[in-house]
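The values are calculated or read from the model by the stated rules, or taken from the named source; none is laboratory data. Being a predicted model, the structure only gives us computed values, none of them experimental. Note: ideal-geometry Cβ built from the backbone for every residue, glycine included; neighbour counts use all protein chains shown. For the accessible areas, the whole protein counts, side chains as well, though only heavy atoms, and no ligand, DNA or RNA atoms are used. Shrake-Rupley method; radii C 1.70, N 1.55, O 1.52, S 1.80 Å.
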Amino acid sequence: MPSDPLSIPSTPAAAPPASAGARSAEAAPARADRARGGLAYAEMNPRQLWHFETLAQMGSGTAAARYLSISPSALAQSIARLEGELGLDLFDRSTRPARLTEAGQLLLDYVARFAAETEALQERFAQERGEQSGILRIGCGPRWMVDIIPRAVEAFLRLYPAMRVAIVADQMTRLAQRLEDRQIALMFGTIDMVRHYTHHEVIEMKADRFTIVARSSHPLHGKGALSLAELARERWIFSDPASSSSVALRELLRRTGLAPIVPTVELSDTLAVAAMLRRTDLLAIVSASTVRTLDEIEALPIDFQLPESHSGVIRLRDRSLSAAESAFIDEVQRTFL
């Protein structure tokens with residue numbers, strides 16, 4: 001038997017490998033039996049799901065078995081039983097390394113959500129019992145990690161010294177998906193894109209105006225107030241085409257009859273944009289408060305007005321706030337005072 005569970009057939013070791021079609025045909029009667037059996041169909045157990053998640057994430061049966069402290073053959077049998085109970089292949093064994101099938105990816109997403117919600121429920125019950133412990137899970141835009149979130153965390157941990165804080169710094173579009181999947185409880189950042197979502201609760205904390213920036217030594221700094229048409233002819237860098245700053249600039253160009261700007265460079269976050277700006281003559285659009293946290297980057301003088309950016313915290317409306325979450329929001333608000 002091969003040593004890596006990803007390379008072995010899902011049938012028991014004594015049986016020869018079967019094609020995917022044959023496996024589906026063989027599984028059909030079993031699926032029918034399980035359907036007739038009602039709750040008997042729910043044969044998955046947490047250990048099987050743990051084995052599956054570990055194998056899917058590590059990509060190597062040998063490494064996953066070592067991490068789980070079981071033999072590779074035991075892991076292979078666990079995965080085979082899980083696939084047999086579901087009547088579906090979770091891994092495509094025709095590739096090296098094996099990849100998740102559509103059903104496998106669906107199950108992996110479910111396991112991740114189930115684990116996050118289970119942990120959140122345990123933490124919430126602990127807080128209801130008056131235990132000031134657990135994990136506060138939040139997300140924020142990268143620029144919030146420069147100053148705002150570190151200051152809030154420091155103050156929060158003085159109130160809740162036994163708590164841990166798990167932070168994901170990412171683009172708002174990806175954080176919004178984490179919020180929907182309940183992987184985070186709070187999301188801090190620009191709220192313009194979500195303020196009208198009916199299932200989100202939004203608390204505005206600060207209004208800030210967008211500004212156009214370049215490195216301090218950029219030749220445009222000595223040319224007086226610049227028009228939007230002049231700036232549109234320059235080369236640009238965007239942090240995220242779907243970000244509120246990019247959307248605001250595109251809308252301003254549309255209203256003035258100018259062609260959309262095609263960015264020369266696209267990067268994943270504000271800090272990466274700042275690093276690129278320091279080395280190039282590219283332009284970028286950011287909030288005015290962000291400029292104050294960036295060395296060697298300055299706002300360009302302009303003869304037009306850019307729209308405002310609104311920042312705050314976003315949470316799901318159907319999920320009540322815990323005492324710890326409310327306390328953290330209060331500490332973030334104090335950083336703006």
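For region 134-147, what are the residues that are closer than 18 Å to VAL202 by Cα and in a helix (DSSP H, G or I)?
We begin by selecting, within region 134-147, every residue closer than 18 Å to VAL202 by Cα; these are 137-141, 144.
Within region 134-147, just TRP144 meets the criteria.
Just to verify a result, which residue in region 264-284, among those that are in a helix (DSSP H, G or I) and within 17 Å of LEU306 (Cβ to Cβ), is most open to solvent (accessible area, probe 1.4 Å)?
Filtering region 264-284 for residues that are in a helix (DSSP H, G or I) and within 17 Å of LEU306 (Cβ to Cβ), the one most open to solvent (accessible area, probe 1.4 Å) comes out as THR270.
Here are some residues: GLU251, GLU331. Which one is more than 30 Å from ARG137 (Cα to Cα) and either in contact (Cβ under 8 Å) with a residue 40 or more places away in the chain or open to solvent by 60 Å² or more (accessible area, probe 1.4 Å) (or both)?
Values: GLU331 fails: more than 30 Å from ARG137 (Cα to Cα).
Unique residue meeting the criteria: GLU251.
Does region 69-76 include one or more residues that are assigned to a loop (DSSP other than H, G, I, E, B), open to solvent by less than 80 Å² (accessible area, probe 1.4 Å) and either within 15 Å of ARG47 (Cα to Cα) or touching a Pro at 6+ places or on another chain (Cβ under 9 Å) (or both)?
yes
Would it be correct to say that ILE261 is under 14 Å from LEU231 (Cβ atoms), outside any loop (DSSP other than H, G, I, E, B), at pLDDT 85 or above and open to solvent by less than 40 Å² (accessible area, probe 1.4 Å)? Give the steps one after another, and end with the answer.
On the way: under 14 Å from LEU231 (Cβ atoms): yes; outside any loop (DSSP other than H, G, I, E, B): no; at pLDDT 85 or above: yes; open to solvent by less than 40 Å² (accessible area, probe 1.4 Å): yes.
No; evaluated as a whole, the condition is false for this residue.
On the given criteria, is SER245 within 30 Å of ILE167 (Cα to Cα), small (Gly, Ala, Ser) and either in contact with a helix residue (DSSP H, G or I) (Cβ under 6 Å, 6 or more places away or on another chain) or surrounded by 15 or more Cβ atoms within 10 Å (Cβ to Cβ) (or both)?
yes
Determine whether ARG317 is more than 30 Å from PHE125 (Cα to Cα), surrounded by fewer than 15 Cβ atoms within 10 Å (Cβ to Cβ) and basic (Lys, Arg).
No; evaluated as a whole, the condition is false for this residue.
Can you tell me which residue is farthest from the chain's Cα centre (by Cα) among those in region 214-237 that are small (Gly, Ala, Ser) and open to solvent by less than 70 Å² (accessible area, probe 1.4 Å)?
GLY224
Considering only region 164-171, I want to know if a residue exists there that is over 19 Å from the mean Cα position of the chain (by Cα) and surrounded by 13 or more Cβ atoms within 10 Å (Cβ to Cβ).
Looking through region 164-171, none of the residues is over 19 Å from the mean Cα position of the chain (by Cα) and surrounded by 13 or more Cβ atoms within 10 Å (Cβ to Cβ).
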